[in-house]
1. Could you tell me how many of the residues in segment A:100-118 are modelled with pLDDT of 70 or more and either surrounded by 15 or more Cβ atoms within 10 Å (Cβ to Cβ) or under 30 Å from residue A:163 (Cα atoms) (or both)?
2. Given the conditions (1) touching a residue at least 12 places away in the same chain (Cβ under 8 Å); (2) touching a helix residue (DSSP H, G or I) at 6+ places or on another chain (Cβ under 9 Å), report the number of the one that residue B:96 does not fulfil.
3. Which fully enclosed helices (runs of 4 or more DSSP H) of segment B:1-113 have 3 or more residues being on the phi < 0 side of the Ramachandran plot and at the interface with another protein chain (Cβ under 10 Å from one of its Cβ atoms)?
4. Return yes or no: is residue A:160 under 18 Å from the mean Cα position of the chain (by Cα) and at pLDDT 75 or above?
5. Let me confirm something: among A:207, A:287, A:279, A:263, which residue is touching a helix residue (DSSP H, G or I) at 6+ places or on another chain (Cβ under 9 Å) and at pLDDT 90 or above?
6. Run residue B:77 past the list (1) touching a strand residue (DSSP E or B) at 6+ places or on another chain (Cβ under 9 Å); (2) at pLDDT below 80; (3) surrounded by 17 or more Cβ atoms within 10 Å (Cβ to Cβ) and report the number of the one that doesn't hold.
7. Just wondering, is there one or more residues in segment A:257-280 that are closer than 23 Å to residue A:169 by Cα, in a helix (DSSP H, G or I) and either away from chain B (no Cβ under 14 Å) or under 29 Å from the mean Cα position of the chain (by Cα) (or both)?
C-alpha cells in the first residue's frame, strides 16, 4: 500500500501521520470492528443485509473515511462534499435503512462504534510516537465523526420526510372519490379522519363534480368517519353551504346513534339539512327528490 | 385525532358504553384541537380513576398548554363565541360531554383543563 499523507516531513521526521498509522493497522481495526458489530447482529439477523454485505459496507465506509482523513490538510477537517464518495455511500446506506424502520439507528450505531475504535487506536499510536499532544488528533477525529454522523442522520431524516409526504399525497388521492350514483345524483362517501387539508380537498372535488354533472342531490355518507367533532362538523357544513349555492341539495347519511347524541350535546345543529340514518334511506330520498324510485321489476307473466 | 383515538380506546377498554366512549373521544378531540389552534400545542393526559378497592369508576382527562391563556373564561365557555372563527361550541360542548369539567387559565401562561367522565356505575354520592 503506498504511503501518502506526510505533509510536513521536516517537522516530524520520525513519526508517521495519524492516517498513516490507521492505514497500517487497517486490517487489524477492521477485524476488530467486524468482531464487535457482526456477532451481535447475526443473532438478530437484520433484514437489510447479509453478513457479507454488511462486511462490505463497513469496509467501504472505513476506507472512505480513512482516505478523506488522508487527503485533507492536517490542520483542517476533511470536507463533507455532497458528491464525495463517502456521502454517496452514506446516502445509499440511509436508503437501505429506510426500508427497515426498526433499524433506523443502525448506520449511526455503526459510525459510533467505529469512532470509538478509532479513538482507541489513536491513543495507542500516540503512546508510541510521543511527539504530538494526544488531544489534537483525537479532537479532530471526533469532530469529523460528528459531522459524518450528522450527515447520515440528516439523510435518514430527509428520506423519511419524503416517504411521509409521498404517503400523505397518495392517501389524499385515495380518500375522496365523488361517485355519480345516478343521473343528477352524486355520492360522497367519507372515510377516515377529516382534517382541514382533506376537508378543503373534499369540498373542491365535490363542488367541481356538482358543477360538471349538474347534480341536484348529493348524498354525503359519514359512516366511515370515526369521530365527528366541531371542526369536522364545521367543514361539512361549509361544504353543504357551498353545494347549495351550486343548486345541489345535500342528504346527510350514516351518522351513528352515538355520533348523533354527541353532536347534540356539542350543540351543533345541522339546521335544514336532510338527514337519513342509513345510506339506503339516503339514496331513496335522493331518488325521490329527483322524481324517481326503485321498484321491483314487473312480473312479465302478470302484466 | 390521535388523542381521540387513544381516548376512545381507553374508554372502551375501561368498560364504557359506546356512546360514552364516543363522548370521551370527541371531548378529547375538541380539547386537543383547541390547544393546537390557540396555544400551538399542548399535552393531554388520560388516566383511569379507580375506587379504593381498585375498581374503575371513571376516566380523567387533563389538557395543559403553555399558550397565551384565556382572558375571559366565561366568555370562552359561551356558546357560539370563538376568536378563531370556528363554531365556538368546542369548550362548552366538551364540558357537556364530560361529567365534570374545570378550567383554569393564567393570562400569558397557559390553560389547564381537567375533565372527568364517570362510569355508568357511578359512585353513590353523585346520584
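The values are calculated or read from the model by the stated rules, or taken from the named source; none is laboratory data. All figures in this text were calculated on a predicted structure; none of them were measured in a lab. Note: ideal-geometry Cβ built from the backbone for every residue, glycine included; neighbour counts use all protein chains shown.
1. Count: 13.
2. Result: residue B:96 passes all but (1).
3. In segment B:1-113, B:2-13, B:18-34, B:90-97 are the helices (runs of 4 or more DSSP H) which contain 3 or more residues that are on the phi < 0 side of the Ramachandran plot and at the interface with another protein chain (Cβ under 10 Å from one of its Cβ atoms).
4. When the stated conditions are applied, residue A:160 passes them.
5. Residue meeting the stated conditions: A:207.
6. Only one criterion is unmet by residue B:77, namely (3).
7. Looking for residues that are closer than 23 Å to residue A:169 by Cα, in a helix (DSSP H, G or I) and either away from chain B (no Cβ under 14 Å) or under 29 Å from the mean Cα position of the chain (by Cα) (or both), one finds none in segment A:257-280, hence no.
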